[in-house]
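Take a look at the structure below.
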Amino acid sequence: MDKNAKIYVAGHRGLVGSAIVKALLAQGYTNLVVRTHAELDLTSEQAVMAFFAQEKPEYVFLAAAKVGGIHANNTYPAEFIHENLAIQTNVIHQSYVNGVKRLLFLGSSCIYPKNAPQPIKEEHLLTGPLEPTNRPYALAKIAGIEMCWSYNRQYGTQFLAAMPTNLYGPGDNYHPENSHVIPALIRKFHEGKTNNIKQVEIWGTGKPRREFLYSEDMATACLELMTMPKTKLNFLLTRDIPPLVNIGYGSDITISELAELIKKYTSFDGHVVYNTSKPDGTSNKLMDSTLAHTLGWRPLISIEEGLQLTIQDFLLKYAKEIH
């Protein structure tokens with residue numbers, strides 16, 4: 001990827017997109033194209049067609065998506081499947097039409113079966129039923145992976161898919177109902193401390209194990225995939241499974257262990273209460289990132305360091321807004 005190449009980062013304000021932009025700039029890539037949702041509605045076929053025809057990006061990071069936690073997925077299933085299918089269909093197709101050299105589609109670990117063997121390998125895709133709470137979102141992401149693979153086979157494109165584990169970091173979504181577990185807990189513990197509330201409630205039993213990856217580590221993995229030499233790329237494109245790469249941290253912790261870390265780093269001195277009437281979701285979800293390691297990538301930020309950096313960012317940018 002030439003330093004002067006025109007690079008489009010879709011979803012540049014999101015958790016992963018903002019980290020990708022930061023990583024690109026740090027490595028000397030300056031010809032970046034970004035659009036806010038107000039400037040470009042990616043669910044509109046006509047708008048995306050006009051954008052690609054005008055800008056002609058050479059590389060595309062497709063990090064734009066409608067995302068959320070269990071509550072959001074349960075409450076807005078139609079929006080999750082409709083908007084995500086529309087976004088990826090428009091961007092992937094127009095990337096092909098306009099001769100994009102390489103595209104990276106960002107998915108999610110929820111594409112894998114609910115009871116997939118641990119750790120989850122890329123070949124476990126479509127080998128069993130999905131977790132019901134986020135099936136619409138997962139099916140949309142699976143369709144995006146299949147699109148990348150199909151366009152590669154039919155048109156000779158270089159469209160890759162990266163499946164991150166649960167991500168967190170600067171610029172996360174701290175919505176009280178629609179956020180993922182780490183930003184939700186950061187907000188809850190911060191509000192508990194600020195308002196002198198003596199207990200914080202957490203959904204489920206706290207027993208499920210989850211893997212978490214710092215967003216800036218994810219961004220370095222994305223750049224690794226977009227800049228890797230043709231020999232490695234050909235290996236990815238010629239396998240008999242989709243051009244899919246898991247991006248994980250390598251180990252997991254329980255939700256209760258996670259809660260205790262965030263409680264510690266936010267200095268909350270109250271109690272944690274588990275609402276066992278609420279769903280746990282999948283009991284275990286650890287990714288096998290062996291393939292990413294063989295391609296030359298490793299995570300650098302520990303969960304402890306990452307949580308502290310994320311909480312610092314929250315206090316600096318978001319804490320005042322929610323009071």
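Any read-out appearing in this document is the output of simple, stated calculations on the displayed coordinates, not a laboratory observation. Worth saying up front: this structure is predicted, and the values here are computed from it rather than measured. Please note: Cβ atoms are built from the backbone with ideal geometry, for glycine as well, and neighbour counts cover all protein chains shown.
In this entry, P113 is excluded by the filter for residues that are part of a loop (DSSP other than H, G, I, E, B), over 29 Å from N284 (Cα atoms) and of a type outside the set (D, E).
Under the condition of being outside any helix (DSSP H, G or I) and either surrounded by 17 or more Cβ atoms within 10 Å (Cβ to Cβ) or touching a Phe, Trp or Tyr at 6+ places or on another chain (Cβ under 6 Å) (or both), the residues counted in region 299-318 number 3. Of the strands (runs of 3 or more DSSP E) entirely within region 1-110, those holding at least 3 residues that are within 16 Å of the chain's Cα centre (by Cα), of a type in the set (A, V, I, L, M, F, W, C) and within 22 Å of Y214 (Cα to Cα) occupy 59-62, 102-106. For region 69-91, the tally of residues that are surrounded by fewer than 21 Cβ atoms within 10 Å (Cβ to Cβ), closer than 21 Å to T36 by Cβ and out of contact with any Ser or Thr (no Cβ under 6 Å at 6 or more places or on another chain) stands at 3. Restricting attention to region 233-273, the residues that are within 30 Å of W149 (Cβ to Cβ), in contact (Cβ under 8 Å) with a residue 12 or more places away in the chain and more than 23 Å from the chain's Cα centre (by Cα) total 0.
Here is the figure for region 123-139: residues that are out of contact with any helix residue (DSSP H, G or I) (no Cβ under 7 Å at 6 or more places or on another chain) and of a type in the set (D, E) total 1.
Does G296 satisfy the condition of being touching a helix residue (DSSP H, G or I) at 6+ places or on another chain (Cβ under 9 Å) and either among the aromatic types (F, W, Y) or loosely packed, with under 14 Cβ neighbours inside 10 Å (or both)? It would help to see each step written out before you state the result.
Values: touching a helix residue (DSSP H, G or I) at 6+ places or on another chain (Cβ under 9 Å): yes; either among the aromatic types (F, W, Y) or loosely packed, with under 14 Cβ neighbours inside 10 Å (or both): yes.
Yes, satisfied.
So that you can scan it fast, the table gives a plain yes or no per residue for (1) part of a loop (DSSP other than H, G, I, E, B); (2) closer than 24 Å to R209 by Cα; (3) touching a strand residue (DSSP E or B) at 6+ places or on another chain (Cβ under 8 Å):
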site	(1), (2), (3)
E123	no, yes, no
L126	yes, yes, no
Y137	no, yes, no
A140	no, no, no
E146	no, no, no
M163	no, yes, yes
S179	yes, yes, no
A184	no, yes, no
R187	no, yes, no
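Determine whether region 176-184 contains at least one residue that is within 26 Å of V21 (Cα to Cα), of a type in the set (V, I, T) and in contact (Cβ under 8 Å) with a residue 40 or more places away in the chain. Looking for residues that are within 26 Å of V21 (Cα to Cα), of a type in the set (V, I, T) and in contact (Cβ under 8 Å) with a residue 40 or more places away in the chain, one finds at least one in region 176-184, hence yes.
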